[in-house]
1. Helix-only mean residue ellipticity at 222 nm, the chain, DSSP H runs n ≥ 4 weighted -39,500 (n - 2.57), per residue, nearest 500. What is it?
2. Build a GNM of the chain with springs between Cα atoms under 10 Å: which of G55, G34, G91 gets the top mean-square fluctuation?
3. Angle, helix 2-18 long axis vs. longest principal axis of the chain, Cα atoms, 0 to 90°, nearest 10?
4. Just going by the charge dipole of the chain, with Lys and Arg at +1 and Asp and Glu at -1 on Cβ, which of M57, I31, A8 is farthest out on the positive end?
5. Explain nothing, just compute: Karplus ³J(HN,Hα) = 6.51 cos²θ - 1.76 cosθ + 1.60, θ = phi - 60°, for every residue of region 43-54 in order, whole Hz, x for Gly and Pro.
6. How large, in Å, is the chain by the Kirkwood hydrodynamic radius built from its alpha-carbon pairs?
7. Label-point separation (nm) for M57 and A14, each offset 7 Å from Cα along Cα-to-Cβ?
8. Compute the length gained on full extension between Q113 and I31: take 0.36 nm times their separation in residues and subtract their Cα-Cα distance, giving the result in nm to one decimal.
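Please treat every number below as a calculation from the coordinates, not as lab data. Values in this document were obtained by computation on a predicted structure and should not be read as measured data. So basically every Cβ, Gly included, is an ideal-geometry build from the backbone, and we count neighbours across all protein chains shown.
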Amino acid sequence: MKHSILLAALVTAAALCACQKTVPPPQPTIIVSGPAGAPGAPGNTGAPGADGSNGAMGNAGNDGANGKDGTNGSNGANGAKGAAGAAGAPGNDGSKGDTGKTGGDTIVVVPAQK
């Protein structure tokens, strides 16, 4: 409605300008406010806020229970064969033999005849 009154005022002013100046000036237009318009649409949602700061560090937890003893390990493998021993030292000299008999039977060797 405001616009139609304003348009009418402009058309009247244009018509008066086009005519001769003998026409008396128009009476001032009294604008009367209309009823209040409908409420506007809701605004857009704002951007997310910044992240909050980190909380304080918690207290240390209690010590855990002790673990059970492990099982015994397997027996180790047999060792490698040892190296050969060094040669033994020379033996001691044997004891002296008994003395031979003196004088025995005499053997005469006779050549064979042909």
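1. Details: 1 runs with 17 residues, N = 114.
So the calculated ellipticity at 222 nm is -5000 deg cm²/dmol.
2. It is G91.
3. It is inclined by approximately 50 degrees.
4. Final value for the positive-end residue is A8.
5. Working through the residues one at a time gives x, 5, 5, x, 5, x, x, 6, 5, x, 6, 5 Hz.
6. 33.7
7. Each label point lies 7 Å from its Cα, and together they span 8.0 nm.
8. Stretched out fully, the Q113 to I31 stretch lengthens by 10.5 nm.
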